[in-house]
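Q: After the structure tokens below, expect a handful of questions from me.
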Amino acid sequence: MHGIIKPQSSQDAAGELWTDKLRGWAYRNKWFVLLVLLPTLLVAIYYYLLASDQYQSEAHFIVRTADSAPMPSGGFSQLLGLGGGASQSRSEAMSVNDYLDSQQAVNLLNQRTNLVERLRRPEADIATRLWFAEPTPEMLMRYYRKKVDVRFNQETGITTLRVRTFRPEDSYTVINQLLAMGEERVNLLNRRSQTDALKTARRQLAEAEQGLLDVQSKLTVFRQERGDLDPERSGTAQLGLVTTLQAQLTNARAQLNAMQGIITPSSPQYVATAARVRALEAQVAGQTGKLTNGGGAIAARLGNYQDLQIRQQFAAKRYEVAAANLEKARDTAMKQQLYIVRVVDPNLPVKSEYPERGKILLTLFLSLMIAYGIGWLLVAGVREHSL
């Protein structure tokens, strides 16, 4: 008994026809399939089925001084020479950025946030996660630079900080810690700069103060040894006494001269006046000797005292200048204090933006297409010349 042959439906026939056409096209373009379509398909399977989502948090900040805002370092302002005021801020900003991208920052970040654990989350795929639980510092540094991007804009002076991890809260925690570390670094730079700026001024002030104390000590010793609190006043009083005595001596001599020829030298009045003249002469000679004669004379003491006074005035002036320089240095150091201004605060990611699956696939497909097209042209050219 013969079997009954059922008529094939139109849908099955169309499906088989489409399959045959597809197979024929694939066979005729097997190199295109192997070199372009198959790699693109494998990459698509990995990124859409296996690759883990990654969440990025971003922040913007600038480093500026207390007395001036950073200015653009390029463009029209640089052409006019207006960017010099921000050179220090730019250099300090670059130093902060360099620190955030250094091994020292990675080690400190790992200690504070357990960075290794955050980069080895269970949901992370094996291709993008940190492979070792105890990586070497160099290995951790290389992986860190793949996940953390510190970029400085020369035109605006703004630093952009991006952190990408496998959980939103991890990215948010890490980027906030990095900003805190950057602020700590700026504070350290401020302390060093202030210490260096004030060191010389403080040393000069200490030297001036010691010099003033030395002179004052010598003045005290001089007064104690001479038994005279103020040799200048003592000299003025002594000079006044000598002047008075000389005036009295002049009057007495005038009286004595007037008596000559009028009364006899043996008269009591003449004898008394002559005795008074001799007494005044002796007093004038004695008091004048106190002013000028010997090492203990008032003139000698007054010269030493005035020398010490001049030194004291000079030391006091030097101390005033040193104190003013210290205040000026402190004020300058305060104006040059650096601090971080957050232009954009870190965000807590909600949606995964990485990996950029569509962009990666499109780039890969176009690149393979271009490479395939170039290869096809080369092969076609070789075949044409071989015929």
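Q: Can you find even one residue in segment 146-155 that is assigned to a helix (DSSP H, G or I) and of a type outside the set (Gly, Ala, Ser)?
A: yes
Q: Just wondering, is there one or more residues in segment 221-232 that are at pLDDT 70 or above, farther than 30 Å from residue 321 by Cβ and among the acidic types (Asp, Glu)?
A: no
Q: Within segment 28-64, which residues are in a helix (DSSP H, G or I) and either in contact (Cβ under 8 Å) with a residue 40 or more places away in the chain or in the same structural domain as residue 168 (by TED's automatic domain parsing) (or both)?
A: Of everything in segment 28-64, those that are in a helix (DSSP H, G or I) and either in contact (Cβ under 8 Å) with a residue 40 or more places away in the chain or in the same structural domain as residue 168 (by TED's automatic domain parsing) (or both) turn out to be 31, 32, 35, 36, 39, 40, 43, 44, 46, 47, 48, 50.
Q: Keeping to segment 158-191, report how many residues are farther than 20 Å from residue 338 by Cβ and either under 14 Å from the mean Cα position of the chain (by Cα) or of a type in the set (Lys, Arg) (or both).
A: The qualifying residues number 3.
Q: Next question, about the same structure. Being of a type outside the set (Val, Ile, Thr) and either closer than 16 Å to residue 64 by Cβ or assigned to a loop (DSSP other than H, G, I, E, B) (or both) is the filter here, so list the residues in segment 156-176 that pass it.
A: 157, 166, 167
Q: Which residue, of 380, 322, is in a helix (DSSP H, G or I), among the small types (Gly, Ala, Ser) and in contact (Cβ under 8 Å) with a residue 60 or more places away in the chain?
A: Answer to the selection: 322.
Q: So, residue 106, is that one of a type in the set (Val, Ile, Thr), in a strand (DSSP E or B) and either at pLDDT 90 or above or out of contact with any helix residue (DSSP H, G or I) (no Cβ under 7 Å at 6 or more places or on another chain) (or both) or not?
A: Against the criterion (of a type in the set (Val, Ile, Thr), in a strand (DSSP E or B) and either at pLDDT 90 or above or out of contact with any helix residue (DSSP H, G or I) (no Cβ under 7 Å at 6 or more places or on another chain) (or both)), residue 106 does not qualify.
Q: Kindly indicate whether any position in segment 354-361 is surrounded by 11 or more Cβ atoms within 10 Å (Cβ to Cβ), touching a Lys or Arg at 6+ places or on another chain (Cβ under 9 Å) and closer than 30 Å to residue 192 by Cα.
A: No.
Q: A further question on this structure: Name the pairs whose Cβ atoms lie under 6 Å apart, with the first residue in segment 258-276 and more than 25 Å from residue 246 (Cα to Cα) and assigned by TED's automatic domain parsing to the domain that holds residue 246, the second in a loop (DSSP other than H, G, I, E, B) and at pLDDT 75 or above, and 6 or more positions between them or separate chains?
A: none
Q: Test residue 54 against the stated conditions and say whether it is closer than 30 Å to residue 370 by Cβ and modelled with pLDDT of 90 or more.
A: yes
Q: Testing residue 155 on (1) farther than 25 Å from residue 46 by Cβ; (2) touching a residue at least 24 places away in the same chain (Cβ under 8 Å); (3) surrounded by 13 or more Cβ atoms within 10 Å (Cβ to Cβ), one condition comes back false. Which one is that?
A: Going through (1) farther than 25 Å from residue 46 by Cβ; (2) touching a residue at least 24 places away in the same chain (Cβ under 8 Å); (3) surrounded by 13 or more Cβ atoms within 10 Å (Cβ to Cβ) one by one, residue 155 breaks only (3).
Q: Conditions: (1) surrounded by 16 or more Cβ atoms within 10 Å (Cβ to Cβ); (2) in a helix (DSSP H, G or I); (3) outside the structural domain of residue 95 (by TED's automatic domain parsing); (4) at pLDDT below 80. Residue 193 meets all but one. Number of the miss?
A: (3)
The values are calculated or read from the model by the stated rules, or taken from the named source; none is laboratory data. Remember, predicted model here, so these are calculated numbers, not experimental data. Positions of Cβ are backbone-derived with ideal geometry, glycine not excepted, and every protein chain shown enters the neighbour counts.
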